[in-house]
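Single-structure report; data block below.
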Amino acid sequence: MRPVRIITDSCSDLTPELMEKYGIDYGRMNTVYNGDVKVADLSWSAEEAHKFYDIIRSGDRITTTQVPVEEFDRVFRKYLDKGEDVMYISCSNKQTSSIFTAQKHAEELKKEYPDAQIRCVDSLHASVGEGMIAIGAAKLAAEGKAIDEVEEGVRELIRTTHEFLTVHSLDYLKRAGRVKATAAFFGNLMGVKPIIIANTEGEQAPVMKVKGRLTSFKTIVSLLKAAMDTGADGNAAQPIYIAHADCAQTELDALKELIRAEFPGSEIIALMMGPIIGASVGPDAVSVFGVGKPVKNSLT
C-alpha cells in the first residue's frame, strides 16, 4: 500500500510549522498588486502581513489568482516521484477554480503514473476550515490509512467543520465576488457587523447582523458553541481555531477570553489569514472554527 501525501493550497492559512508537523504541502497561488505578481507564500512574517493589510486599508486593491497548472505539476510530481499517492484538498470551488485545474491536470498525470492515486477533493471551505480538514486528512494518512479511507474521513470532516466569520464591511467580499448575499443584506450596515457562515454549498453566506464589534465576537463564539455542543464531554480537548486579518492584539485577547469561557478544556490556536483570503475578506476580519454537528445553511 502506497503512503498518502496531503496537499492543500494558499487558502488554507496553515503556518509552515503546522504543515511540517503534519507533513502537509501546498500549491501556491499568487497575488497581484499594481501589475506585480507575487507568490502567496504562507511563511510570511507578522510584519509582512501588516504591510499587506495596510495596503488594503489605504484603499488600494490586491487581486488574486488560482493555483497555476505549473504549480500543481511541481507539487504533485514531487510526491508521485517518491512513490506516494496524492490527495489535494482544495479551497471551496465557490472561492477559486483551483479544484477544476487540479482535477484536469491529475488526469494528465495519471497517464504517466498509472499505479498512483491522485485525488482532488473540494473542501467546501476556505481559510483555516480548509486547513483543519487537511490536518485531519494528514492524521489519517499518518496512521497508515489507504487513500480511500482517508477520503472517507475527509468527507465526514467537510460535513462537520464549522466557520463563523465577522468582518468590518462586506465590501471586500462583495468586490471579490466571494459572498452570497441579497441586496437587502448589503444595505444599512452602518454601525452593525455581518455574521457569515460557510454553508453546505461552499459559499460564504451572511446570516445575521449584530451591533458592535464586541457583540460580533460574542455572537460567533456562541454560534460555534451551539454548532459543536454534542454533550457534556463532546468538546473536550478539541482545539478551537481563530483566523484573523491583522487584528489588534487587544481584540484577539478579548476573543480568546470569550472562547475560554465557552470551551474551558480546549486549546486555542490563532492563525493569520494569508494573502489570498486576506485580499478577499479585508483587514480585521475574524473567524472561529471547530468540528461538531453537520453544517446547515441557516442558524435554525
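The values are calculated or read from the model by the stated rules, or taken from the named source; none is laboratory data. What you see is a predicted model, and the numbers here were worked out from it, not measured in a lab. Counting neighbours? That spans all protein chains shown, and the Cβs are built from the backbone with ideal geometry, glycine included.
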query: Mind checking which pairs have a first residue in segment 241-261 that is over 20 Å from Phe52 (Cα atoms) and a second that is in a helix (DSSP H, G or I) and among the aromatic types (Phe, Trp, Tyr), Cβ under 7 Å, 6 or more apart or different chains?
result: Ala254/Phe217; Leu255/Phe217; Leu258/Phe217
message: Could you go through segment 246-261 and let me know if any residue there is touching an Asp or Glu at 6+ places or on another chain (Cβ under 8 Å) and within 23 Å of Ser98 (Cβ to Cβ).
response: no
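Determine if segment 29-46 includes at least one residue that is part of a helix (DSSP H, G or I) and either within 21 Å of Phe100 (Cβ to Cβ) or in the same structural domain as Cys120 (by TED's automatic domain parsing) (or both). Outline the logic, then answer.
Restricting attention to segment 29-46, the residues satisfying the condition of being part of a helix (DSSP H, G or I) are 46.
Filter once more, so that each one left must be either within 21 Å of Phe100 (Cβ to Cβ) or in the same structural domain as Cys120 (by TED's automatic domain parsing) (or both): 46.
Looking for residues that are part of a helix (DSSP H, G or I) and either within 21 Å of Phe100 (Cβ to Cβ) or in the same structural domain as Cys120 (by TED's automatic domain parsing) (or both), one finds at least one in segment 29-46, hence yes.
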field: Condition broken by Gly59, with the remaining ones in (1) free of Cβ contacts under 8 Å to residues at least 24 places away in the same chain; (2) within 15 Å of Asp9 (Cβ to Cβ) satisfied
entry: (2)
message: Can you say whether Ile259 is assigned to a helix (DSSP H, G or I) and within 19 Å of the chain's Cα centre (by Cα), as far as the supplied structure shows?
response: no
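Assess whether Lys21 counts as being basic (Lys, Arg), without any contact (Cβ under 8 Å) to a residue 40 or more places away in the chain, under 27 Å from Asp284 (Cβ atoms) and not assigned by TED's automatic domain parsing to the domain that holds Pro283. Reasoning before the result, please.
Values: basic (Lys, Arg): yes; without any contact (Cβ under 8 Å) to a residue 40 or more places away in the chain: yes; under 27 Å from Asp284 (Cβ atoms): no; not assigned by TED's automatic domain parsing to the domain that holds Pro283: yes.
Considered against the rule, which asks whether it is basic (Lys, Arg), without any contact (Cβ under 8 Å) to a residue 40 or more places away in the chain, under 27 Å from Asp284 (Cβ atoms) and not assigned by TED's automatic domain parsing to the domain that holds Pro283, Lys21 comes out as no.
Restricted to segment 176-204, and to residues that are surrounded by 14 or more Cβ atoms within 10 Å (Cβ to Cβ) and modelled with pLDDT under 70, which residue is farthest from Ala126 (Cα to Cα)? Steps first, answer last, please.
So the first thing to find is which residues in segment 176-204 are surrounded by 14 or more Cβ atoms within 10 Å (Cβ to Cβ), and the list is 176, 178-181, 185-186, 189, 192-200, 202-204.
Going one step further and asking which of them are modelled with pLDDT under 70, we end up with 176, 178-181, 185-186, 189.
Numbers: Ala176: 14, Arg178: 11, Val179: 12, Lys180: 14, Ala181: 17, Phe185: 22, Phe186: 22, Leu189: 24 Å.
Among those that are surrounded by 14 or more Cβ atoms within 10 Å (Cβ to Cβ) and modelled with pLDDT under 70, it is Leu189.
Any idea which of Ile269, Ile276 is β-branched (Val, Ile, Thr) and crowded, with 18+ Cβ neighbours inside 10 Å? Let's see the steps before the verdict.
Values: Ile269 fails: crowded, with 18+ Cβ neighbours inside 10 Å.
That would be Ile276, the only listed residue that is β-branched (Val, Ile, Thr) and crowded, with 18+ Cβ neighbours inside 10 Å.
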- request: Hey, could you check segment 1-28 for residues that are aliphatic (A, V, I, L, M) and assigned to a helix (DSSP H, G or I) and say which is farthest from Ala243 (Cα to Cα)?
  value: Met19
query: Could you list, in sequence order, the residues of segment 135-156 that are closer than 23 Å to Thr101 by Cα and either at pLDDT below 95 or touching a helix residue (DSSP H, G or I) at 6+ places or on another chain (Cβ under 6 Å) (or both)?
result: Ile135, Ala137, Ala138, Val150, Val154
- request: Examine segment 132-150 for a residue that is surrounded by fewer than 22 Cβ atoms within 10 Å (Cβ to Cβ) and closer than 30 Å to Asp36 by Cα, and state whether such a residue exists.
  value: no
So Lys110, is it at negative phi, without any contact (Cβ under 8 Å) to a residue 40 or more places away in the chain, surrounded by fewer than 17 Cβ atoms within 10 Å (Cβ to Cβ) and more than 18 Å from the chain's Cα centre (by Cα): yes
- prompt: In segment 262-300, which residues are under 21 Å from Val167 (Cβ atoms) and in a strand (DSSP E or B)?
  reply: Ile268, Ile269, Ala270, Leu271, Met272, Val286, Ser287, Val288, Phe289, Gly290
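If you check Ala102 against the conditions, is it crowded, with 16+ Cβ neighbours inside 10 Å, small (Gly, Ala, Ser), in contact with a Phe, Trp or Tyr (Cβ under 6 Å, 6 or more places away or on another chain) and not assigned by TED's automatic domain parsing to the domain that holds Gly274? Spell out the reasoning first.
Details: crowded, with 16+ Cβ neighbours inside 10 Å: yes; small (Gly, Ala, Ser): yes; in contact with a Phe, Trp or Tyr (Cβ under 6 Å, 6 or more places away or on another chain): yes; not assigned by TED's automatic domain parsing to the domain that holds Gly274: yes.
Spelling it out, Ala102 is indeed crowded, with 16+ Cβ neighbours inside 10 Å, small (Gly, Ala, Ser), in contact with a Phe, Trp or Tyr (Cβ under 6 Å, 6 or more places away or on another chain) and not assigned by TED's automatic domain parsing to the domain that holds Gly274.
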message: Take Thr15 and tell me if it is farther than 20 Å from Thr101 by Cβ and among the hydroxyl-bearing types (Ser, Thr, Tyr).
response: yes
